[in-house]
Amino acid sequence: MKVLVTGGAGFLGSHLVESLLDKGYDVLVFDDLSTGDIKNIQHTDAQIVIESIRNYDAVVSAMKKVDIVFHLAAVTSIIETNLNPYNAFEVNTLGTLNVLRAVVKCGVSKIIFFSSAAVYGDNPNIPINESAVLEPKSVYGLTKLDGEYITKIYSISPRLAEQIEIKDETISIPEIVGWNHDDKSNGVDYIILRAFNAYGPRQRMDSQYSAVIPKFINFVLKNRPITIFGDGTQTRDFIYASDVADASIFLAEKDVSGIFNLGNGNEITIYELATRIAGILGVSDNMQVEYKPPQEGDIYRSAADISKLKQIGFSPSVSLQEGLVKTINYFQ
Ligand SMILES: NC(=O)c1ccc[n+]([C@@H]2O[C@H](COP(=O)([O-])OP(=O)(O)OC[C@H]3O[C@@H](n4cnc5c(N)ncnc54)[C@H](O)[C@@H]3O)[C@@H](O)[C@H]2O)c1
């Protein structure tokens, strides 16, 4: 079976590519290498098209004879999307439109769209479930919400994507009103995966846009104080990269459509995270912390209710402690 992974040369994409190849899939990566790196997948048998999802014709041409699409390509830094919103909308929103139109045109049977917990914004109802109100606080979250709507609408009404003129028939899209109801679509099967904070090997460590775990590890390895934005009491739910890959393949293979949270289901404060990393690296007694004001678009608490995913048979298998040890070993 042939699968296309947009963003497959990135952090999560490369883990997904490895897992798909292990399971015997024929994998084609579509990536413009803007934040991804060919080195992330050069040890594998995956083929790669180096192109942007902004280029519709290139997306269509790569998607021929593809059975399943995993769509990860995106501008992924919250700060970067806030600083350069036009680029974020062009890639995350219009790029996703290109991917979904190509999915319909090429007769792909299932699309797995990587959305984000950022679509929830700062909702105090923690752990949060899939039917919560969606109120993104960042441009990134807004573009991911666009991607969710595009994925859902084009999957359930493929004629929209085909741009077929419908004369005597009204297109009815009742599911858009009942947004959180799951549909077994008449068109393309779809999964919207709302991933919480992922971490693991190959996540970028030294960019100004790096995520918190690689950043903290980098601070400690370089004997620098750990910088915490805010007072450290804000929380996150961390999910290990191989669990993200396994969950998305599980959902791709299962006869199901709909929206799924993906986290570990555990909330941890950023200060506690810093102490865990310092502990694993053996510097607990002289851990240095420097506090800075919260960043634009940051949310206070975040934790996933993953009961929906568990009900259909998937649970993450890597604990935070185990995942941190593996990640630190990789970076060391
Ligand atoms: N890492 C997380 O914690 C997390 C959490 C929730 C959701 N996600 C989502 O998972 C996906 C993967 O994220 P990641 O953390 O691996 O980030 P990443 O930046 O490592 O991966 C993104 C990939 O997309 C590629 N890309 C960017 N713009 C492109 C374009 N115009 N055309 C083609 N390729 C393009 C990049 O080169 C990169 O390889 C993203 O959609 C992200 O929003 C990630």
Scanning for something in the same structural domain as Ile112 (by TED's automatic domain parsing), crowded, with 22+ Cβ neighbours inside 10 Å and hydrophobic (A, V, I, L, M, F, W, C), does the stretch 225-235 turn up at least one residue?
no
Name the pairs whose Cβ atoms lie under 9 Å apart, with the first residue in the stretch 113-139 and at positive phi, the second not acidic (Asp, Glu), and 6 or more positions between them or separate chains?
Gly121/Val133; Gly121/Leu134; Gly121/Pro136; Gly121/Lys137; Gly121/Ser138; Gly121/Gly141; Gly121/Ile299
If I filter the stretch 26-39 for residues that are more than 10 Å from the ligand (Cβ to nearest atom), surrounded by fewer than 24 Cβ atoms within 10 Å (Cβ to Cβ) and of a type in the set (Ser, Thr, Tyr), do I get at least one hit?
no
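Is at least one residue of the stretch 261-283 touching a His at 6+ places or on another chain (Cβ under 6 Å) and surrounded by 15 or more Cβ atoms within 10 Å (Cβ to Cβ)? Step through it out loud before you land on a result.
Step one: filter the stretch 261-283 for residues touching a His at 6+ places or on another chain (Cβ under 6 Å), giving none.
No; the residues of the stretch 261-283 include none that is touching a His at 6+ places or on another chain (Cβ under 6 Å) and surrounded by 15 or more Cβ atoms within 10 Å (Cβ to Cβ).
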Just a yes or no: is a residue in the stretch 17-25 surrounded by fewer than 24 Cβ atoms within 10 Å (Cβ to Cβ), closer than 23 Å to Tyr209 by Cα and either in contact (Cβ under 8 Å) with a residue 40 or more places away in the chain or of a type in the set (S, T, N, Q) (or both)?
no
Quick check: is even one residue across the stretch 216-237 out of contact with any helix residue (DSSP H, G or I) (no Cβ under 8 Å at 6 or more places or on another chain) and within 15 Å of the ligand (Cβ to nearest atom)?
no
When residues of the stretch 190-214 are filtered for being away from the ligand (no atom under 11 Å from the Cβ) and at pLDDT below 95, how many remain?
3
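So which residues in the stretch 1-23 are hydrophobic (A, V, I, L, M, F, W, C), in a helix (DSSP H, G or I) and within 7 Å of the ligand (Cβ to nearest atom), if there are any at all?
Filtering the stretch 1-23 for residues hydrophobic (A, V, I, L, M, F, W, C) gives 1, 3-5, 9, 11-12, 16-17, 20-21.
Still in the running and in a helix (DSSP H, G or I): 11-12, 16-17, 20-21.
Phe11, Leu12, listed by residue number.
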Scan the stretch 105-114 and tell me whether some residue there is in contact with a Lys or Arg (Cβ under 8 Å, 6 or more places away or on another chain), over 12 Å from Tyr190 (Cα atoms) and within 16 Å of the ligand (Cβ to nearest atom).
no
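If I ask for residues that are β-branched (Val, Ile, Thr), buried (at least 18 other Cβ atoms within 10 Å of the Cβ) and within 12 Å of the ligand (Cβ to nearest atom), which ones from the stretch 50-66 would you list? Full working, then the answer.
Taking the stretch 50-66 and keeping what is β-branched (Val, Ile, Thr), we get 50, 53, 59-60, 66.
In the following step, the residues that additionally are buried (at least 18 other Cβ atoms within 10 Å of the Cβ) were identified as 53, 59, 66.
Within the stretch 50-66, Ile53, Val59 meet the criteria.
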Asn261 passes all but one of (1) part of a helix (DSSP H, G or I); (2) modelled with pLDDT of 95 or more; which number fails?
(1)
Give the stretch 67-84 a look and list any residue that's under 20 Å from Tyr199 (Cβ atoms), under 11 Å from the mean Cα position of the chain (by Cα) and more than 7 Å from the ligand (Cβ to nearest atom), or say none.
Phe70
Within the set of pairs 6+ apart or on separate chains, which have a first residue in the stretch 66-89 that is under 26 Å from Val27 (Cα atoms), a second that is among the basic types (Lys, Arg), and C-beta atoms under 6 Å apart?
Val66/Lys2; Asp67/Lys2; Ile68/Lys110
Let me spell it out: the conditions are (1) more than 23 Å from Pro214 (Cβ to Cβ); (2) in a loop (DSSP other than H, G, I, E, B); (3) near the ligand (Cβ under 10 Å from one of its atoms); (4) without any contact (Cβ under 8 Å) to a residue 40 or more places away in the chain, and Asp45 meets all of them except one. Which number is the exception?
(3)
Looking at the stretch 304-311, can you tell me whether even one residue there is outside any strand (DSSP E or B), more than 21 Å from Lys144 (Cβ to Cβ), aliphatic (A, V, I, L, M) and at pLDDT 95 or above?
no
Being over 18 Å from the mean Cα position of the chain (by Cα) and part of a helix (DSSP H, G or I) is the filter; apply it to the stretch 99-123 and report the residue that is surrounded by the fewest Cβ atoms within 10 Å (Cβ to Cβ).
Lys105
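Counting only residues that are without any contact (Cβ under 8 Å) to a residue 12 or more places away in the chain, more than 26 Å from the chain's Cα centre (by Cα) and surrounded by 12 or more Cβ atoms within 10 Å (Cβ to Cβ), how many does the stretch 284-317 have?
So in the stretch 284-317, the residues without any contact (Cβ under 8 Å) to a residue 12 or more places away in the chain come out as 284-286, 310-311, 315.
Checking which are more than 26 Å from the chain's Cα centre (by Cα) leaves us with 284-286.
Checking which are surrounded by 12 or more Cβ atoms within 10 Å (Cβ to Cβ) leaves us with 284.
So the answer is 1.
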Name the residues in the stretch 96-112 that are in contact (Cβ under 8 Å) with a residue 60 or more places away in the chain and under 26 Å from Asp246 (Cβ atoms), would you?
Val99, Leu100, Val103, Val108, Ser109, Lys110, Ile111, Ile112
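The values are calculated or read from the model by the stated rules, or taken from the named source; none is laboratory data. Everything quoted here is computed from the prediction, not taken from an experiment. Neighbour counts run over all protein chains shown; Cβ positions are idealised from the backbone, glycine included.
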